[in-house]
Every structure is written in C-alpha cells, then in structure tokens.
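The values are calculated or read from the model by the stated rules, or taken from the named source; none is laboratory data. Predicted model, so just to flag it, every value in this text is computed and none were measured. For neighbour counting, all protein chains shown are included, and Cβ atoms are generated from backbone atoms with ideal geometry for every residue, glycine included.
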Amino acid sequence: MTSNFKIRNFIEVEFDGQEFDLHNNFSFVTFSHDKQTDELKIYFCKSNGDWVSKNEIDKLTFTLSKIHYLKTIDPKPELIADDQCLSGITFYYSNDRVENTGLLDRQVPEAGDDIIFTFENDRVIRVNCDTVMLKSEKFN
C-alpha cells in the first residue's frame, strides 16, 4: 500500500505540510464503495465548536483504490450519537485480521498493511488496497 500522508498520534494525519486532527477537528460524514471503479471513499468535514483549530481546510477525503480486502463493522445503535467521532486511525498488519481495534504506531504503511479507521461508536472500516490518497478542500 502506498499513501500520500502520514499518521501521527493515532488521530492525526500529516498532509501537504499541515496536520489534521481527525478526532477533535473533523467529523466523519460517510463512506462510499464504488465497485465499478474499485474505490472506497471516506469523507470527513471540519467540526463545529470552539475547540476546532483554525485552519483553512474544510473537507478531507480518503480515496482507497484497487481494494483487496474490505471489512466494515456497523456502529452500535446505543452509541450512534458518536457516529462522527474517530477514535483512531492506523496502518496495521494484514495477517492479523482478528484484531480490528488495535493500534500500531506506524506513520506510513509497510508492504501488505491494512488501514483501519475506528470510531467512538465501535464502527470499523478496515481496508487493504494498493493506494490510499488524501485530498483536502476549502469551501468558499
């Protein structure tokens, strides 16, 4: 797997000279899987609140291409209020797919790694793919 960003502190990504805190400053919106293009997109938007850092970026999109493995775990209904809050992001060993909530302090993926997004409501998105690319956008 190749990527154009680094993971820091299990909740931040470093991209294009900036660090983005996906736990505090961005909210998970949704994900979509296009089987025809073999791409999965995961969308985040800037959170509302006084604690949110004042950067110019409003939207982050992860595009995962040429998917070899995809596992999603639905959120727990009793925790649905936390559906927008990421609890962790990590690159993780693909040979240990029993563990879906473990964290590995790895800034960039190693050959064969999966990327795992975990959320406060126990939602999990785990993917093994050829590339995972991050794109940022500003709203005008």
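Brief remarks follow.
- Just one of the listed residues (Lys54, Lys71, Lys59, Lys46) is of a type outside the set (Asp, Glu), more than 19 Å from Met1 (Cα to Cα), surrounded by fewer than 17 Cβ atoms within 10 Å (Cβ to Cβ) and in contact with a Lys or Arg (Cβ under 8 Å, 6 or more places away or on another chain), namely Lys59.
- Matching option when the condition is under 17 Å from Asn121 (Cβ atoms) and aliphatic (A, V, I, L, M), among Ile80, Ile7: Ile80
- Criterion (modelled with pLDDT of 95 or more and closer than 26 Å to Lys138 by Cβ) met by exactly one of Phe91, Phe117, Phe20: Phe117
- Flag if Ile89 is touching a residue at least 40 places away in the same chain (Cβ under 8 Å), surrounded by 14 or more Cβ atoms within 10 Å (Cβ to Cβ) and over 27 Å from Glu19 (Cβ atoms): no
- Note on the stretch 10-30: among residues that are assigned to a loop (DSSP other than H, G, I, E, B) and in contact with a His (Cβ under 9 Å, 6 or more places away or on another chain), the one that is surrounded by the most Cβ atoms within 10 Å (Cβ to Cβ) is Ile11.
- Selection status of Val124, among the aliphatic types (A, V, I, L, M) and at pLDDT 95 or above: yes
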